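Since the structure comes first, as structure tokens, the remarks are kept for the end.
The values are calculated or read from the model by the stated rules, or taken from the named source; none is laboratory data. Predicted model, so just to flag it, every value in this text is computed and none were measured. Quick reminder, even Gly has a Cβ in these numbers, built from the backbone with ideal geometry, and neighbours come from all protein chains shown.
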Amino acid sequence: MSLELLIIVAFGGAFLTYFLGKISSKLRNSFAVLNALALVVIIACLYGQTMEKSFYFGFFSLPLILRNNVLSWFFAIAISVLGALSVIFSLSYMRNRERTDFYYLMMLLVNAAMLGIVFSGDLISFFIFWEIMSWSTCILISYNRGPALAAGMKYIIMSIIGSMAMLVGMLSLYTTYGTLNIATLSTLVASSSHGYLLFLLIIFGITFGIKNAVMPLHTWLPDAYAEAPSPFTAVLSGMLTRMGIYGFLLIMYVIVGAGATLHLGHGFFTFNNILAWLGAITIVIPTFIAMLQNDAKKLLAWHGIGQGGYMILGIAFGTSLGMAGGIFHTLNHAIYISLLFMSVAAIQYRTGGVRDLNSLGGLIKKMPIAFIGGLLGICGLIGIPLTNGFVSKWLIYKTLILNGAPFLAFAALIGTWGTILSVYKFLHNIFLGQLPEKYKNIQKSPFSMRLPIIVLSFAILLFGILPGIPLKVINAIDVSLGFKSLNVTLWGIASDSGTLNTINIFAVVLVFGVIIWLLFKAGRKAPKVDQYDNYAAGAAIPKGKYHYTVDYYNPFYRMATPYLKDFVDVFYMKIAKWTQNLCNTVRRIYTGYVGNYVMYIVLFMAFLILIQLKWSVF
Amino acid sequence: MNELGLLSNGVNPVLLIVVPLALAFAVPLIGFISKKIIKYIPVLAFLFNLIIAILLIPKVLHQPIIVKIGGFQPPFGINLYVGTVGILFSTLIALAGFLVSIYALNYIKEGPKEKYHILYLLLLTGATGVVLTGDIFNLFVFFEILCISSYALVAYFGNRAGIESSIKYLIQGSVGSSLLLIGIGLLYGQFGTLNMADIANQIQSASSPSIFVPMVLMITGLGVEAAIFPLNAWLPDAHSSAPSSISAILSGIAIEVGLYAVIRVLFTIFGASNFLMFFVFLGVLTLLIGEMSAFSQKNIKRMLAYSSIGQIGLIVFAVSLNTQYGVSAGLFQMISHTLGKGLLFLAAGYMIYRTASMDISSFEGIGKKMPYTSLAFTIGTFSLIGLPPFIGFPSKFMIIKAALAKEGILFTVLVGLVLLGTVIEGAYFFRVVQVIYFKKGNGNQERKEAPITGLIPMFIFALLIIFIGIYPNFIIKILNSAASELLNKIDYIRSVLG
């Protein structure tokens, strides 16, 4: 299977889907699913193959290269699987929406562009795919109209700023080294001066930091996640944002190289240390802001930012354990966050778009699969043992401890603590407690929604119990980036300070589970309390809805709210306002009075003469 | 290729000017026979020009053609200099002229149609003349033809806004033309010749103060039409009140021809390479002011007009870098701007026609009502922002690369400012795209597209934007050759004077 074929299938399929939609929506749906699955199959077949091929010379005779290596493959398979699942999920979610042809086109286009990004073997095709991804994402974010427009605008402005930074970095590389081939660059760049390397890392860091929503470049994310159509939010949160992580890996450890990256700066102010601290900040603040959210998607969105911090923390240290942790966390995060967004989407679909946590509740029995998805999702998000998030967080903690970074480790721990508090609210307010009257006749989600949820839930447990499956590939990535190999088994991983063995944990949990189950079995049978009567476990309560989850954590809110404003966002908005005012002022140059205009002409001439008299340039 | 060469051997570049000019004067006569066929005359004229220009390209790439009018050997008499630059611009003019004249078939329904077509032919004849001529006074004449016909066309609708902006344009344009004429006069007085190559040749040995004054006068005079800040105040008014087909030509062709003249005067005649740093700054300033002014516009055509100022700034910036790559980049950006802005004005024209308003907010939901036109508009905006895979990307790519190739922190800062302009541009263009597609329109939701004569030119523009965006190698050879023609003054002189 060749990579050109993959790209052709990906992009061609997207446009074909659109035109098939004009014929019949059934045909379009089946083709979209088929296309997405075909990509999974093609990419799966590429496993273990390393290839590099120039496929196009028409762009200023620069060879555009597609290449496959273990790093690209790892990201590509995650992108394609997630893409396929979310296309399947869209089938029923988007059924009665307008402009579905357009939606599928953009969805598959984003998918194709992401595949293009990870398979790009040179920076120019990387940039082209990156831009295609950016604008199609903006269009998808704006899809829901209303407040989505502002979200899309925020996204595209930050995204353009990022792209422009990358353009400068890329062209600076091009003018310095005369090539944009990543493989060639990686042999050339490492020997440059420290100043230049720092320039490269910072300028690309801006691009990827914006995409990965590293503080203080994160402000586009909450609105974008919340306003985008939910199946797309799954893709956006799962893989698209994490293209930033891919980018960081690419610039830090492929192009500049681990050896050079890790020795930039002095003392505390080394590049990777600063990055790690940014990562820590990105964990702590957003996680606590998440706690204040009452909008299910916004809550998850803030966690999306926070979890990105863990990944940054992992890869910033540049040890094989940390890299493994960061990359594995990227995958795990993709699984559980998209699972959570899909669960929310299923709820939205059945409740008519409700995502306000205070007006939901008690849906556990009505939508059991969504509940399981939500439960396993938050378990993964917190990092409860036997779920996938645990393993990657374990790796990251180990890295922090082994590198003697107690404060960062503490920040990561606080993040977990905040996560527990906030996601419990998420689970409780949607699924537990009292079922509001109006949702009494709600139905469970349709099959095409349940399937992706089940698959992803299964993946959470699978990678939690047998982390060796992905870790084997991740270890290969480590090795390919020049780090030393880790000792990975199917159910665990060894580090210098202890070994993780999930089978043992599994056995312990199983044994305890059985004991508890037996205890309950032996004990008195608990009375069954109706779902409408569960507020006081069967005791009498006032009539009508009495939902105690409103103002959950209220004392904490009062205490923390003033500090947990998104100051960065406020600041950016202020800049935007200033810019607008400045633009309005500048516009006044064109007064509309022709006398002034003629004066401008004369002044221009006078100015030219002045220059000549002063500096006699001519 | 061989046959093509044979075919082009018999083609005289003079036809590029003579045919549309003759047809312009023939329009009233043909009008006596039938009023209906008048509107097809510009289509035919520019189709003819397009074919001729394309046929000439291979030959010109090989060697510039010097046409001696009346057989006088230069520096006597008037000669045409058909180099790569000239042929590149004539092709572009013919292409835009052809497509816009198709668009005008249905778009121009009211008003003095006959005069529209005459003026339209004259405008583009003037433009072609400016880029082809090798005689400085001849350049002035063609320049005046271009300007005067555009003054008149701006006021075509005869409404208050049109006439007002036409008068403003006229006043500023006349100031510019007078300055230009004085400059030419001074040069003539000094060197006793009007042939550009001859002047360029003699100027090398002239004292600098005596040629500085004509240079300033000429640059200022031409700069008015080229829309360099602060000489561009006429532009937003004129471009927004003209009929959309004319706005497309004014934005896509007229100001770029003005800019061509500035570049030609600066590079070839005066060889003022040490003066160019000033133009680098001026370009960045023009860019930023244009983009910032466009940012808060609510009127779509004014927004596009200000965006043209920004684009001109970008071109000036690129060309003034004074490197082979920079000049090619600037020329590339001109092509990209002609195609992009042409497409935008054409699409906006029917959107305005449909909604009967130039307010951006009135375009809410028009993506449903006019899907193809909206798509064309979106492609145009994406291209102007510089997003791949559209033509704006390779041109911006070249400009930034050319600027970064100039060492030094100063250029890095300037690149930063240029890209800041792009960010602002992205913001206001995406806002329009969002309004088109993602705001629910009210009222009549019925789907009614622009007529086919409107869609065809838009389609061709869009196709070219995507094609060259994906395959910039298509024109890179011409651009490189054109850039070396502009940078290599000696060759220019030698090929004319022998």
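For segment A:115-127, state whether one or more residues are within 11 Å of chain B (Cβ to nearest Cβ), more than 21 Å from A:Gly58 (Cβ to Cβ) and touching a helix residue (DSSP H, G or I) at 6+ places or on another chain (Cβ under 8 Å). The answer is no; no qualifying residue exists.
In this structure, is B:Met196 within 11 Å of another protein chain (Cβ to nearest Cβ), buried (at least 24 other Cβ atoms within 10 Å of the Cβ) and among the aliphatic types (A, V, I, L, M)? Give the derivation first.
Numbers: within 11 Å of another protein chain (Cβ to nearest Cβ): no; buried (at least 24 other Cβ atoms within 10 Å of the Cβ): yes; among the aliphatic types (A, V, I, L, M): yes.
So B:Met196 fails the test.
Looking at segment A:29-50, can you tell me whether even one residue there is in contact with a helix residue (DSSP H, G or I) (Cβ under 8 Å, 6 or more places away or on another chain), over 26 Å from A:Leu456 (Cβ atoms) and at pLDDT 85 or above? No, segment A:29-50 contains no residue that is in contact with a helix residue (DSSP H, G or I) (Cβ under 8 Å, 6 or more places away or on another chain), over 26 Å from A:Leu456 (Cβ atoms) and at pLDDT 85 or above. Of all the criteria given as (1) within 28 Å of B:Lys115 (Cβ to Cβ); (2) in contact (Cβ under 8 Å) with a residue 60 or more places away in the chain, the one not satisfied by B:Ala26 is (2).
Under the condition of being of a type in the set (Phe, Trp, Tyr) and within 14 Å of another protein chain (Cβ to nearest Cβ), the residues counted in segment A:47-94 number 5. In the list A:Thr184, A:Thr175, which residue meets the criterion of being among the β-branched types (Val, Ile, Thr), part of a helix (DSSP H, G or I), more than 14 Å from chain B (Cβ to nearest Cβ) and over 16 Å from A:Met252 (Cβ atoms)? The match here is A:Thr184.
With B:Ile289, B:Ile253, B:Ile228 as the choices, which residue is of a type in the set (Val, Ile, Thr), within 17 Å of the chain's Cα centre (by Cα) and at the interface with another protein chain (Cβ under 10 Å from one of its Cβ atoms)?
Values: B:Ile289 fails: within 17 Å of the chain's Cα centre (by Cα); B:Ile253 fails: at the interface with another protein chain (Cβ under 10 Å from one of its Cβ atoms).
None of the others qualify; the one that does is B:Ile228.
Taken over segment A:460-480, the residue count meeting the criterion of being surrounded by fewer than 24 Cβ atoms within 10 Å (Cβ to Cβ) and aromatic (Phe, Trp, Tyr) is 0. Each residue in segment B:416-460 was checked for being more than 17 Å from B:Leu384 (Cα to Cα), surrounded by 16 or more Cβ atoms within 10 Å (Cβ to Cβ), within 8 Å of chain A (Cβ to nearest Cβ) and at pLDDT 85 or above, and 1 pass. The selection criterion, being more than 23 Å from the chain's Cα centre (by Cα), part of a helix (DSSP H, G or I), closer than 25 Å to B:Gly252 by Cα and among the hydroxyl-bearing types (Ser, Thr, Tyr), holds for B:Ser374.
Checking B:Met358 against (1) buried (at least 24 other Cβ atoms within 10 Å of the Cβ); (2) away from chain A (no Cβ under 14 Å); (3) of a type in the set (A, V, I, L, M, F, W, C), which test does it fail? Of everything listed in (1) buried (at least 24 other Cβ atoms within 10 Å of the Cβ); (2) away from chain A (no Cβ under 14 Å); (3) of a type in the set (A, V, I, L, M, F, W, C), B:Met358 misses just condition (1). Of the helices (runs of 4 or more DSSP H) that lie entirely inside segment A:550-618, those containing 1 or more residues that are at the interface with chain B (Cβ under 8 Å from one of its Cβ atoms), of a type in the set (A, V, I, L, M, F, W, C) and out of contact with any Asp or Glu (no Cβ under 7 Å at 6 or more places or on another chain) span A:567-587, A:594-615.
For segment A:94-114, the set of residues classified as more than 21 Å from A:Ser30 (Cβ to Cβ) and touching a residue at least 40 places away in the same chain (Cβ under 8 Å) consists of A:Met114 only. Scanning segment B:199-214 for residues that are in contact (Cβ under 8 Å) with a residue 60 or more places away in the chain and either buried (at least 21 other Cβ atoms within 10 Å of the Cβ) or touching a helix residue (DSSP H, G or I) at 6+ places or on another chain (Cβ under 8 Å) (or both) turns up B:Ile199, B:Ala200, B:Asn201, B:Ile203. Would you say B:Val82 is under 24 Å from B:Ile199 (Cα atoms), among the β-branched types (Val, Ile, Thr), in contact (Cβ under 8 Å) with a residue 12 or more places away in the chain and surrounded by fewer than 21 Cβ atoms within 10 Å (Cβ to Cβ)? No: the conditions fail for B:Val82.
Is it true that B:Leu92 is outside any loop (DSSP other than H, G, I, E, B), surrounded by 20 or more Cβ atoms within 10 Å (Cβ to Cβ), of a type in the set (A, V, I, L, M, F, W, C) and in contact with a strand residue (DSSP E or B) (Cβ under 6 Å, 6 or more places away or on another chain)?
Working: outside any loop (DSSP other than H, G, I, E, B): yes; surrounded by 20 or more Cβ atoms within 10 Å (Cβ to Cβ): yes; of a type in the set (A, V, I, L, M, F, W, C): yes; in contact with a strand residue (DSSP E or B) (Cβ under 6 Å, 6 or more places away or on another chain): no.
Criteria not met by B:Leu92.
Listed here are the residues, each with its yes/no results for (1) part of a helix (DSSP H, G or I); (2) surrounded by fewer than 22 Cβ atoms within 10 Å (Cβ to Cβ); (3) in contact with a Leu (Cβ under 8 Å, 6 or more places away or on another chain).
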residue	(1), (2), (3)
A:Ala32	yes, no, yes
A:Val41	yes, yes, no
A:Gly83	yes, no, yes
A:Arg95	no, yes, no
A:Tyr103	yes, no, yes
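Mind checking whether some residue in segment A:43-57 is in a helix (DSSP H, G or I), surrounded by 15 or more Cβ atoms within 10 Å (Cβ to Cβ) and on the phi < 0 side of the Ramachandran plot? Yes.
Out of B:Ile470, B:Ile476, B:Ile490, B:Ile466, which single residue is without any contact (Cβ under 8 Å) to a residue 60 or more places away in the chain and surrounded by fewer than 21 Cβ atoms within 10 Å (Cβ to Cβ)?
Working: B:Ile470 fails: without any contact (Cβ under 8 Å) to a residue 60 or more places away in the chain; B:Ile476 fails: without any contact (Cβ under 8 Å) to a residue 60 or more places away in the chain; B:Ile466 fails: without any contact (Cβ under 8 Å) to a residue 60 or more places away in the chain.
Matching residue, one of B:Ile470, B:Ile476, B:Ile490, B:Ile466: B:Ile490.
Yes/no per residue for (1) hydrophobic (A, V, I, L, M, F, W, C); (2) farther than 21 Å from A:His218 by Cβ; (3) in contact with a Lys or Arg (Cβ under 8 Å, 6 or more places away or on another chain):
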site: A:Tyr104; (1), (2), (3): no, yes, yes
site: A:Met107; (1), (2), (3): yes, yes, no
site: A:Leu115; (1), (2), (3): yes, yes, no
site: A:Gly121; (1), (2), (3): no, yes, yes
site: A:Cys138; (1), (2), (3): yes, no, no
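Listed by position, the helices (runs of 4 or more DSSP H) contained in segment B:232-335 that have at least 3 residues being hydroxyl-bearing (Ser, Thr, Tyr) are B:244-249, B:300-320.
Here A:Ala36 fits the description: closer than 26 Å to B:Tyr437 by Cβ, part of a helix (DSSP H, G or I) and among the hydrophobic types (A, V, I, L, M, F, W, C). Pairing residues of segment A:243-265 that are within 13 Å of A:Ser480 (Cα to Cα) and assigned to a helix (DSSP H, G or I) with residues that are among the β-branched types (Val, Ile, Thr) and modelled with pLDDT under 80, at Cβ distances under 7 Å and at least 6 apart in sequence or on separate chains, gives A:Tyr253/A:Thr261.
Among the residues of segment B:320-329, is any touching a Gly at 6+ places or on another chain (Cβ under 9 Å) and either more than 14 Å from chain A (Cβ to nearest Cβ) or over 22 Å from A:Asn584 (Cβ atoms) (or both)? Yes, there is a match, as at least one residue in segment B:320-329 is touching a Gly at 6+ places or on another chain (Cβ under 9 Å) and either more than 14 Å from chain A (Cβ to nearest Cβ) or over 22 Å from A:Asn584 (Cβ atoms) (or both).
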